[in-house]
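> After the structure tokens below, expect a handful of questions from me.
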Amino acid sequence: MTDFIASQHSVAIVGAGFSGLLLALQLVRKGPPDLTVALIERTPGFGLGVAYATHNPEHLLNVRAHNMSPFPDQPRGLQDWLEQETGAPIDDGAFVSRATYGRYLRTLLADVIGDPDSAARLRLAPDEAVDLAQAGDGKITITLAMGAKIQADAAVLAIGAMGTAAPCPGLDTLPRGLYAADPWAPAALDELDEDAPVLLLGTGLTMVDVALSLARRGHRGKILALSRRGLAPRSHADNRSAHHGTHSMAPMGLSQLVRWVRHSAAEIGWRAAIDSLRPHTQRIWREASLLERRRFLRHLRPWWDVHRHRMAPPVAAKIEGLRVAGRLDIAAGRLIGAEPADEASAAVAVAWRERGDGGETRKTFGRVINCTGSGSNMRGAHAGLIRALIERGEARIDCLGLGLDVDGAGRLHAGDGALQPNLFALGPITRGAFWESMAVPDIRIQAANLAERLVGARSSGAQAPARTERHTPLPAGSFDRVR
């Protein structure tokens, strides 16, 4: 692969899932003619990421079409494209398949590549970024796995959500075919006996996707989904009843906020109450004390997740159908251990302690699949790059262990707390700072703001002064302990 030659003003983006692609498109749209963008992606699917690479038509977006435009200034972007594709009007409340949305994103990328002016400014690097070094003159050099080096004036880490560790000892050492650590891996559901019982670890939206995929493949065995609390995602309303509050909200503590939500839910319904928080969630999170954030994660996060991240009604109906038919059970318990059930290793014996009475249950499954979803295991995606930055003190894990530590503008904190003026992060890896940084409506705002900042910094040539945060991050030595 030929090395890229850096232009005078350039930005390199590591990761070309939704977050990275959207930032690249925003920079091409808003940037001056001599601003170039290098988009680096280690997988074949530029613009897809995990979420939109699925081919299962039953995997639907969990946000209605009217709120899925990638660009804040083009609210009907997705709907206009769909109407051109289908020749029919698209209802605001429609739930589009994720595969279709992925095709839409690829179309946006193809439009840029097909335009001679913009194509010269966007360079695609199908390789893995393995290291990033900063020079004294502010230049950043990114080393790729194949040996090429990309130089840029600024770099953005848009690597998506962190991976998840095995939920209990013994899973990672099981013989091949008994444990799927990544439910999205090509072979995660392959070579599975159609009648074999399956254990899904986690009861969130990833569990929903895997259960639908198993059913579509003709799997007939019993499926058990297990999590600490046994909470499954709620469904969107059949009709478009989402309510986004436009009122201002005074700062309030966590207990006050819970009371406010309960009171609002009694008046306007729980969906409208949760939706009315959407414009304020990031501000509320950033204003909360570290103690309150920890209390939220310990006690309220599971309840927030199942009410905030909902299933499309057709998906909820299919999941309910599986439960009514006795093919899917959802249970609450804490995993204790897992081991091969016999010498032939044709099944895995799993033990867990049930929530409430604490009784121990032990059952045998043909396969265990980790569906705990996005996590904060820093050994996950692009671990080599992240590890190098942390060990050299150029980045640090946020104090909650949710991702990388950034300020309100997305700039990375070095190990000593100083801000890196030319090194940014975007999307799910910034959850510690923003909390809501996983869904399209949140990421598009974050990407637009970061693009404007990068373009503005390029125009003025100014760099923001570094400062030191007061909180204490997780030390570099806790890299392998983050879960």
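> In this structure, does residue 217 turn out to be at pLDDT 90 or above, in contact with a helix residue (DSSP H, G or I) (Cβ under 8 Å, 6 or more places away or on another chain) and open to solvent by 50 Å² or more (accessible area, probe 1.4 Å)?
no
> Could you please let me know if residue 41 is open to solvent by 10 Å² or more (accessible area, probe 1.4 Å) and free of Cβ contacts under 8 Å to residues at least 12 places away in the same chain?
On the way: open to solvent by 10 Å² or more (accessible area, probe 1.4 Å): yes; free of Cβ contacts under 8 Å to residues at least 12 places away in the same chain: no.
Answer is no for this residue.
> When you scan region 125-209 for strands (runs of 3 or more DSSP E) that lie fully inside it, which ones turn up with 2 or more residues that are under 23 Å from residue 413 (Cα atoms) and of a type in the set (D, E, K, R)?
The strands (runs of 3 or more DSSP E) meeting that bar number zero.
> Look at residue 386 and say whether it is open to solvent by less than 10 Å² (accessible area, probe 1.4 Å) and either assigned to a helix (DSSP H, G or I) or of a type outside the set (A, V, I, L, M, F, W, C) (or both).
Yes: the conditions hold for residue 386.
> To continue, here is another question. Looking at 166, 187, 152, 180, which is the one that is surrounded by 15 or more Cβ atoms within 10 Å (Cβ to Cβ) and closer than 21 Å to residue 59 by Cβ? Spell out how you get there, then give the answer.
Numbers: 166 fails: closer than 21 Å to residue 59 by Cβ; 187 fails: surrounded by 15 or more Cβ atoms within 10 Å (Cβ to Cβ); 152 fails: closer than 21 Å to residue 59 by Cβ.
Going through 166, 187, 152, 180 in turn, the sole match is 180.
> Under 6 Å by Cβ, and 6 or more places apart or on different chains, what pairs join a residue from region 10-26 that is more than 13 Å from residue 410 (Cβ to Cβ) with one that is assigned to a strand (DSSP E or B) and of a type in the set (S, T, N, Q)?
Correct list of pairs: 10/36.
> Are any residues in region 89-119 farther than 15 Å from residue 58 by Cα and of a type in the set (A, V, I, L, M, F, W, C), and if so, which ones? Show your work before the answer.
Residues of region 89-119 farther than 15 Å from residue 58 by Cα: 89-93, 103-119.
The answer is 90, 105, 108, 109, 110, 112, 113, 119.
> Continuing with this model, one more query. Just one of (1) aliphatic (A, V, I, L, M); (2) in contact with a Lys or Arg (Cβ under 9 Å, 6 or more places away or on another chain); (3) under 16 Å from residue 184 (Cα atoms) trips up residue 61, so point out which.
(3)
> OK, next. For region 80-87, state whether one or more residues are touching a residue at least 24 places away in the same chain (Cβ under 8 Å), in a loop (DSSP other than H, G, I, E, B) and not polar (S, T, N, Q).
no
> Do we find a residue being open to solvent by 60 Å² or more (accessible area, probe 1.4 Å), of a type in the set (Ser, Thr, Tyr) and at negative phi anywhere in region 80-95?
Looking for residues that are open to solvent by 60 Å² or more (accessible area, probe 1.4 Å), of a type in the set (Ser, Thr, Tyr) and at negative phi, one finds at least one in region 80-95, hence yes.
> Continuing with this model, one more query. Filter region 115-129 down to the residues that are open to solvent by less than 60 Å² (accessible area, probe 1.4 Å) and more than 26 Å from the chain's Cα centre (by Cα), then identify the one that is nearest to residue 12 (Cα to Cα).
By that ranking, first place goes to 121.
> Considering only region 62-74, I want to know if a residue exists there that is hydroxyl-bearing (Ser, Thr, Tyr) and either at positive phi or open to solvent by 20 Å² or more (accessible area, probe 1.4 Å) (or both).
no
> Considering (1) modelled with pLDDT of 95 or more; (2) touching a helix residue (DSSP H, G or I) at 6+ places or on another chain (Cβ under 6 Å), say which one residue 183 fails and leave the rest.
(1)
> Which number in (1) within 21 Å of the chain's Cα centre (by Cα); (2) open to solvent by less than 50 Å² (accessible area, probe 1.4 Å) marks the one condition that residue 106 misses?
The number of the failed condition is (2).
> State yes or no: is residue 214 outside any loop (DSSP other than H, G, I, E, B), in contact (Cβ under 8 Å) with a residue 12 or more places away in the chain, touching a strand residue (DSSP E or B) at 6+ places or on another chain (Cβ under 8 Å) and within 26 Å of residue 52 (Cα to Cα)?
Here the answer is yes, as residue 214 does meet what is asked.
> Just give me the residues in region 25-74 being in contact with an Asp or Glu (Cβ under 7 Å, 6 or more places away or on another chain), assigned to a loop (DSSP other than H, G, I, E, B) and within 28 Å of residue 146 (Cβ to Cβ), in sequence order.
42
The values are calculated or read from the model by the stated rules, or taken from the named source; none is laboratory data. Since the model is a prediction, treat every value here as computed from it, not as a measurement. When we count neighbours, we look across all protein chains shown, and the Cβ atoms used for this are built from the backbone with ideal geometry, even at glycine. Areas reflect the complete protein model, heavy atoms only, side chains present, ligands, DNA and RNA absent. Shrake-Rupley method; radii C 1.70, N 1.55, O 1.52, S 1.80 Å.
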